[in-house]
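Okay, handing you the structure first.
The values are calculated or read from the model by the stated rules, or taken from the named source; none is laboratory data. Since the model is a prediction, treat every value here as computed from it, not as a measurement. Cβ coordinates were reconstructed from backbone atoms using ideal geometry, including for glycine residues, and neighbour counts include every protein chain displayed. Remember, those area values only see protein heavy atoms, side chains included, never the ligands or the DNA or RNA. Shrake-Rupley method; radii C 1.70, N 1.55, O 1.52, S 1.80 Å.
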Amino acid sequence: MITLVVDGVEVQARDGEMLVDAAKGGDVEIPVFCYEPKLGGPVGACRMCLVEIEGIPKLQTGCSTPVRDGMVVYTRTDRVIEAQRAVVEFLLVNHPLDCPVCDKGGECPLQDIALGWGPGRSRVTEPKRHFRKPMPLSPLVRIDRERCILCYRCVRFSQDVAEDEQLQLLERGASTYVGTFDDHPYIAPFHGNIIELCPVGALTSEAYRFRARPWDIEDSGSICTLCPSQCNIKFTVRDERVERVLARDNEDVDAGWLCDKGRFGFQMIAAEDRIVEPRVGGSRAGWDAALDAAAERLRAAGPRAAAIVGGQASNEEGYLVQRIVRTLGSPSVTAIDELDASLARDLGAPELAASVGDLDTAESILVLGTDPLNSMPILDLRIRRAVRHGRTRLVVASERPSALDGGAEETARYAPGESAAFLTALAAELGNGAPEGEYAADAERVAGELRPGKTVIVYGERLGRGAGGDAALAALHRCARELRSDAAGAGLIGIPEGANGRGLREVGCLPGARPGFAETEAGRGLAQIKEGLLDGELDAVILLHADPVRYLADGPGWAEALRRARTVIAISAFDDASTKAADIVLPAEEYAEKEGTVTHPDGRVQRLRPAVPHVGDVHPIWQVLAELSARLGDETGIDSAPEALEAIAAEVPFYRGITPEEIGGTGVRWPARDAATGFPRPPEAQSAPSAPPAENGGGLRLGTYRALWADAITERNVALRFLAPAQTVELAPSDGERLGVSEGDEVEVRSNGSSVRARVELRERMRPGAAFLIEATATENSNVLGGASIVEIARPAEGSE
């Protein structure tokens, strides 16, 4: 720490900190337009932050001047005031001054700075220049070039943060403007951030334009649960409706960014297929009648009941639903992000839990079995930032090409379903053994870039899928031990497929373990629940925010299982493929209406806060489940969401003592709390499962992946519908040539008597012999193939549809 003097006030600051930030310690504001720490280093483009420094004859830009001990700074001398007024006057020469109709009016930095540091009048009487306004920069963003002050913020985001490099500064001098090459639409997963970055009204949201003014609205902080990133957000609310979503900066979670799904996905709260009242047997019913019917059906099912919990459920909802099922005498409750209980416990141990912030200081990052751009988008930006700063070596090992491949020191491709074989070879190489098999050379290359005790492993929990899933996760655990992942600054971050996958497992939504991973009798997992419903061994199933027909392998099999089930109780916000089979439907809250907690993949417990009232006759789900539990003879004593959290903390040892007040606005990581010592310790010696041999035969090895936009969320949001993907099959160019298909051709992917129509996409970095389909598309869903591992590619028969 050093001391400097700003306008006569002594200020303590970090040596090298930029003057703009240091001055805030003395309650001095230096105006800026182009400066934004989230974008990286300063560029000094707008000249609004000019200050006078003793010993330097010329005025200096405060945003790009690092402070030094003893520095004396003046921000309000005559020279500085004259310069700042000149900059404001220059910016307003051609600015349209259309504040009354501008969406930024009332919350515009240009307005604030013009009032606080501008001359107050203009000497320019000539006509201002005009452009066509507004122009579509993308289907989600409009640009008004008359208002642009060329601060470069949006361009820097595109080039330096998202690294998509689509936005450019075109032309030169006074003709410079922001745009894309050949006026192509700016389509990217994060480009909505440029709206919030813009310090004037040049970039506006198509979904928010002319919807509200600052004096009409209120902001309400909460958490986005549309993906595992769990970004901190602010809902903009007008007349009890969400009209906009903004970022709520939390450096430990999202660094102040949002993906476009989180920014524009709020429209689904008012979707046409929203369920707003209970239904019994397809007819409207009151809450008492619906809960009485549900309790009667569940009481009759007893131990022959099960539950599936979707990733958007809160910790409180998951805890209460598993409590209901266990009260009935059944251990068959699981999250849709299912993992083996012992492996989930081993990989979730607090000493192995890396934080998001650890990515910034890691010497090496291994991204394993996932593409964060699709599975946890904000983590993609965080990894890019670590690599961009030059301190971190990135290694990617996955089944299919990743968006991070271009920045990686090494990449490795293993065949679909062979993650266990690759990880077994990697564990042997890291342990100074002699890896064997097809992936020995890949394991050697990857291991050579990893730094023991200084590596963060980001892995997709989908590694645990399928016949070899347990073996893959066990091998991953061995890799973590060899890399000394229990060291400070190292560890694991597992990416679930649902937003709250980790939290739901920790509160007891997995077969074979109670809340806190307490051992219990083995229950049915997802596959066994489906079989139990099909063969009549299970009588009832509760679906909480879960749609297995769309999102799980063998969708047709799940549809038949739900059709045969004696009782299906669906707790859902929307009518979906699974809800249509339900005997009893209970309307659920959406994330903007919900109170409770969720757990980030790095162990950070965060609070959900309601921003708008419930629609229709929707009740809080924690309350619904508590009332249902009481009807089944289990009086929980829970009368509020905080009391539900208290019940969780009493039963989960490593959550002990956690309160809403401690969680606060930015969350608290339970692995860093003293109570983490209550985490159950695994036995000293464990027998690692072995991977089954890879299936042989002709055809291509089939892999599937969850694309960011392949989701009902996309389809229920008017602003995002254009992004919903049609089914594609990704092939290596050599396979395309061998099969006689070209980029864009329509083909059928066939297996076991079923087929999916898809458009061919050839990818250079694809492993030959593999084919990849998208999961959960609205049509031609890959799960109709029933989890097939070998497929054939053929052209559709003439005349077929």
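Over segment 1-58, with every protein chain in place, what whole percent of the accessible area is carbon and sulfur at 1.4 Å, could you tell me?
48
Also, I was wondering about something else. Let me know the whole percent of all Cα-Cα pairs from the chain that are separated by more than 34 Å.
Percent of Cα pairs beyond 34 Å in the chain: 54.
For the full complex of protein chains and a 1.4 angstrom probe, list M48, M1, M18 by accessible area with the highest value first.
Largest accessible area first, the list is M1, M18, M48.
Give me the percent of the accessible area of segment 142-245 that comes from carbon and sulfur atoms, probe 1.4 Å, all protein chains in place.
Summing carbon and sulfur atoms, their accessible area is 43 percent of the total for segment 142-245.
Hand me the GluC sites (Glu not before Pro) from segment 126-183 located in a DSSP loop with no more than 11 other Cβ atoms within 10 Å, in residue order please. Intermediate results must be reported in sequence, preceding the final value.
Working: sites: E146, E163, E165, E171; in loops: E146, E163, E165, E171.
Those satisfying the criteria are E171.
Another question about this same structure. Of the listed peptides 496-502, 114-120, 459-465, 432-438, what is their order by residue-averaged count of other C-beta atoms within 10 Å, with the highest listed first?
Sorting 496-502, 114-120, 459-465, 432-438 by mean packing, highest first, produces 496-502, 459-465, 114-120, 432-438.
Something else now. With every protein chain in place, what's the accessible area of E560 (1.4 Å probe, Å², nearest 10)?
Estimated to the nearest 10 Å², E560 gives 50 Å².
Please list E316, E418, E646 from largest to smallest accessible area, probe radius 1.4 Å, with all protein chains kept in place. Kindly include the intermediate steps, with their values, before the conclusion.
On the way: E316 0, E418 25, E646 120 Å².
Ranking E316, E418, E646 by accessible area, largest first, yields E646, E418, E316.
Still on this structure, I have one more. Expected output is a single nm value to one decimal: the length gained when fully extending between T125 and I56, i.e. 0.36 nm times separation in residues minus the C-alpha distance. What is it?
21.2 nm
Find out how many positive minus negative residues lie around T327, taking Lys and Arg as positive, Asp and Glu as negative, among other residues whose Cβ is under 13 Å from that of T327.
That works out to +3.
At 1.4 Å probe size, what's the solvent-accessible area of K24? Round to the nearest 10 Å².
Here the residue's solvent-accessible area equals roughly 130 Å².
Can you send over the carbon and sulfur percentage of the accessible area for segment 388-524, probe radius 1.4 Å, protein chains only?
Summing carbon and sulfur atoms, their accessible area is 42 percent of the total for segment 388-524.
For the modelled label position 7 Å from the Cα of S734 along Cα-to-Cβ, which residues of segment 393-419 have backbone nitrogen atoms closer than 20 Å?
Answer for segment 393-419: 397-402, 411-419.
Now for a different question. Per residue, how much accessible surface does segment 494-635 expose to a 1.4 Å probe? Answer in Å², no decimals.
Averaged over the residues of segment 494-635, the accessible area is 29 Å².
Expressed as an acute angle from 0 to 90° and rounded to the nearest 10, what is the orientation of the C-alpha long axis of helix 315-327 relative to the principal long axis of the chain?
Long axis of 315-327 versus the principal axis of the chain: about 10 degrees.
Relative to the first principal axis of the alpha-carbon coordinates of the chain, what is the inclination of helix 287-301, with its axis defined by its Cα atoms, in degrees from 0 to 90 and to the nearest 10?
40
Specify which residue in the list G516, N94, I269 is farthest towards the positive end of the charge dipole of the chain, using unit charges on the beta carbon of Lys, Arg (+1) and Asp, Glu (-1), about the Cα centre.
Farthest along the dipole direction, towards plus: N94.
Sequence-distant or interchain residues sharing an amide H contact under 5 Å with E410, placed H: which?
Hits under the 5 Å cutoff: V396.
On to the next question. Please state the Cα pair-distance histogram of segment 479-585 with 5 angstrom bins from zero: what percent is in each bin?
2, 11, 16, 18, 18, 15, 6, 5, 5, 3, 0
Okay, moving on. What order do D554, D288, D78 take when sorted by accessible area (1.4 Å probe), most exposed first?
D78, D288, D554
Could you rank the peptides 28-38, 479-489, 100-110 by their average count of other C-beta atoms within 10 Å per residue, with the highest value first?
28-38, 479-489, 100-110
Could you do me a favour and compute the accessible area per residue for segment 344-479, 1.4 Å probe, result in Å²?
Averaged over the residues of segment 344-479, the accessible area is 30 Å².
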